[in-house]
Amino acid sequence: MAVTAVLLLLLVSGASASHYFGGTMTFSYKGRNPDGTFRVELRNRETFEQCSDSSFYSHYWHCSSGNCGYNSRTQSGELDRSTNAPQSNNQWCESEIVSTRILPSNRPFQMRERNCCWIPTRNTIHWWDLETSVDLGTRSDTGEPNKSPDVAILPFLRVPQNCPRTYNLSSFDPDGDRVRCRYGNFGSAGFHLDQDSCTLHYRSASADPRVFAFELVVEDFPQRPITLAYTDGSSRAALPATSTQAPSTTTPPYITNPLYVTPLSKLPLQFSVLVDPSAPSCQDGQYLPKFVHPTPENAAHIRAEVNKEVEIRVRAQAAYATVHDMIISGPLNISKHRTTHDEFVIRWTPTAEDLGDHFPVCFAVEAVTQSAATTSPPYIYPYFHNHGSPSSQSGIYQSDMRCVVVDVKPRQFEANVICGESTMRVEVEKSSLSGLHEDHLRLSDPSNTACSLQRYSNSTHVIAVVPLNACGTQIEEDNESLIFKNEITTVDNGRDLITRKHLVEVQFKCQYSKQGNVSLGFTAHRENITVWEKGLGTFTYQFEFYPDNQFRTMIDPSSYPLEYDVGSRIYMEIEATSQLNTTELFVESCRAAPYDNPNYWPTYSIIENGCTVDSTVQIHSSHQKQFKFSMEAFKFIGLHDQVYISCSVLMCEAGAPGTRCSQGCINSTRSGGHRHQHHHRKREVVTQTARHLISQGPLRLRRSAERTESPAVNVNLNLVFIAGCLLAAVGMICGVVVYKTRVSRVKYQPLPVFES
């Protein structure tokens with residue numbers, strides 16, 4: 001028995017050594033039960049060198065003061081993991097444990113967790129010690145139970161030794177209290193903590209494979225004197241903080257510091273900071289990634305709704321390093337994805353239990369230089385292999401940290417989204433639209449008659465049946481899914497391009513797993529577009545590709561995406577069918593781009609202002625209602641393979657003077673900005689239509705190594721050939737409501753898989 005005990009102690013000692021990176025704890029009041037007891041939800045985030053159900057990799061809280069009640073439910077899950085740590089296995093994993101406790105009263109209580117060991121630290125911290133003080137007393141200023149400050153941080157931060165940096169620690173308080181941060185243990189040389197603003201400043205320190213361990217305590221204080229009342233009839237006064245002097249960590253604060261005021265609550269905030277070798281430059285955007293649009297600002301508030309997925313889009317750039325990964329910290333079930341647009345997307349769906357709560361989400365982007373990117377496992381410390389001489393040629397460079405607050409609010413709109421094989425059906429209750437009529441609502445691109453909201457709407461619901469490849473639907477792709485997006489928005493007039501009364505934005509999407517069965521349900525080929533213009537009637541645009549210059553039989557739509565070799569000729573025809581024989585077609589511009597989406601760059605001009613721009617373009621014929629042309633296939637260097645060609649077209653009264661059709665090619669260097677004024681005035685005479693965007697694709701560039709393989713082989717490509725241009729003049733505003741879709745046996749034709 002004694003031998004067994006010794007072996008168990010050795011196993012525990014070996015397993016628990018040097019594996020802790022940090023942790024936090026917050027609480028949320030969840031109401032009162034019929035028997036008079038209270039529910040409180042405790043959210044504990046913890047980061048160890050791996051995710052495991054083993055007892056060696058988890059916090060074990062015990063009640064240190066008051067009546068802590070008992071656990072009624074526990075949920076847990078992984079938040080994020082990375083292989084960027086200076087440990088033997090180079091990895092860390094953050095998880096969250098959400099436990100619901102049943103309390104006999106709303107009296108204050110304290111819970112504590114203490115164990116060993118931190119990863120190797122520079123400031124002699126070995127054991128971790130977390131303490132949480134919870135007070136659910138009813139506040140005299142709000143009449144509601146006291147709420148927890150929302151604290152969060154990334155568990156593992158890194159900074160080059162020569163680059164001063166400021167970390168704004170998340171410290172939002174739903175009660176409007178003043179939040180302060182102080183050291184719970186030792187400070188760290190080279191860092192300064194501004195307690196009143198919860199801001200940590202890095203100034204200077206030498207590079208070292210050991211981390212600085214930070215054990216901070218977050219406390220909230222009322223802005224003015226208040227009273228907290230409890231169900232047993234007792235109460236206590238709570239005063240504003242009167243001093244920035246922190247209490248002792250070893251003796252009671254009321255003995256050593258008479259100016260110290262007891263906080264409303266007390267929460268732990270623990271994390272690791274690694275000081276890396278010097279970076280060649282400390283300027284954001286060179287080696288250190290710089291956040292760019294559409295990344296939200298630090299401390300931004302983002303609205304979310306129950307059972308509707310919220311998205312946070314993050315984009316960063318580094319001129320001399322490659323953006324490699326993003327690390328995140330947030331609520332349970334949060335996820336991150338990297339899209340083929342070189343953006344990161346953070347996704348989370350709140351549940352009914354989250355209504356009214358606030359959830360901080362923190363993120364940072366990491367970039368690597370080439371030598372670091374090709375090292376496996378990732379770069380740790382190159383100077384270990386250079387006899388103490390730091391290398392400036394390789395490294396991991398982390399951006400600054402940003403934290404946003406997701407506010408879970410009541411539903412704005414009652415809507416339902418159904419994902420079909422080739423369409424998205426969205427139904428919005430009219431009663432939730434504040435009296436707006438469907439005449440003032442539209443999809444992203446309503447020019448096609450199939451995209452009219454009046455077509456399916458009834459007396460109780462605004463209904464849209466949206467093809468996956470029409471009505472302005474955007475296609476996005478990440479490693480796991482194909483995502484189709486559109487939105488219903490408000491316009492002053494159904495035919496307008498812009499609005500200054502943007503009252504409603506309902507963004508909806510359908511998400512299809514790439515692992516599902518694929519069949520002929522969704523066709524990548526773009527269908528014809530039918531439009532109606534006052535005075536000119538109904539007409540249809542058709543945009544098709546042909547195998548040769550005979551233009552006899554168009555390429556079968558089922559064969560899309562089409563494959564071409566660099567330098568081979570692509571034959572295209574745009575044809576208009578009209579009820580009137582006195583109309584003529586004019587192709588004003590054509591462009592190529594990687595996505596059939598007006599919001600993404602780059603685009604390549606083929607025809608502009610009626611003039612050919614690409615030197616390889618040949619016009620084969622241009623009759624009254626047909627435009628046949630061709631060009632040589634080319635490639636965008638280093639981009640993706642799925643591409644579209646899009647053209648801006650319009651119809652005119654044949655032979656009418658002053659129309660855009662009669663003007664033909666307009667050289668922009670000669671005419672400047674005046675070319676649009678004339679034909680805008682002529683619109684009132686109804687001699688020409690509005691411009692319509694038509695597109696076709698996708699196309700793929702075939703690499704030389706593929707030319708001998710079967711055309712049925714679906715391979716990833718590193719280079720883009722050309723892609724669909726999108727000439728829409730207005731970028732759509734992102735909706736504040738995202739409707740998570742319900743997928744039912746989705747079928748679609750395979751689109752090309754992108755390489756990140």
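The numbers here are math on the coordinates, done by the rules we state, and not lab data. Quick caveat: nothing in here was measured; it's all calculated off a predicted structure. FYI the Cβ positions are ideal-geometry reconstructions off the backbone, even for glycines, and counts take in every protein chain you see.
Shape call for segment 107-189 from the C-alpha gyration tensor, a ≥ b ≥ c root eigenvalues: rounded (a/c under 1.5), prolate (a/b greater than b/c) or oblate? It comes out oblate by the Cα gyration axes.
Each peptide among 131-144, 464-477 gets the average number of other Cβ atoms lying within 10 Å of its residues, and from highest to lowest they stand as 464-477, 131-144.
Of the chymotrypsin sites (Phe, Trp or Tyr not before Pro) found in segment 60-160, those in coil by DSSP whose Cβ has at most 11 other Cβ atoms within 10 Å are Tyr60. At 0.36 nm per residue, minus the direct Cα-Cα distance, what do Leu580 and Ser568 gain on full extension? Give it in nm, one decimal, please. Taking 0.36 nm per residue and subtracting the Cα distance, the gain is 0.6 nm.
Counting beta carbons within 10 Å around each of Cys362, Cys117 and listing the fewest first gives the order Cys117, Cys362. A cut-off under 10 angstrom between Cβ atoms defines the neighbours of Asn298, and their net charge, with Lys, Arg +1 and Asp, Glu -1, is -1. Which of rounded, prolate or oblate describes segment 402-490 when judged by the alpha-carbon gyration tensor and an a/c cut-off of 1.5? Cα axes put segment 402-490 in the oblate bin. Among residues other than Ala576 with Cβ under 14 Å from its Cβ, the summed charge is -4 (Lys and Arg +1, Asp and Glu -1). Of Lys336, Lys534, Lys625, the sequence from fewest to most neighbouring Cβ atoms within 10 angstrom is Lys534, Lys625, Lys336.
Cross-link candidates for Lys308: which aspartates and glutamates have Cα within less than 19 Å, leaving aside residues fewer than 8 places away along the same chain? Correct list for Lys308: Glu353, Asp354, Asp357, Asp407, Glu414, Glu427, Glu429, Glu476, Glu487, Glu505. Reported to the nearest whole Å, the Cα centre-to-centre distance from segment 438-474 to segment 393-416 is 30.
When each of the peptides 614-624, 310-320 is scored by how many other beta carbons lie within 10 Å of its residues on average, the order from highest to lowest is 310-320, 614-624. Remark: Thr460, Thr37 ranked as Thr460, Thr37, counting other beta-carbon atoms within 10 Å and listing the fewest first.
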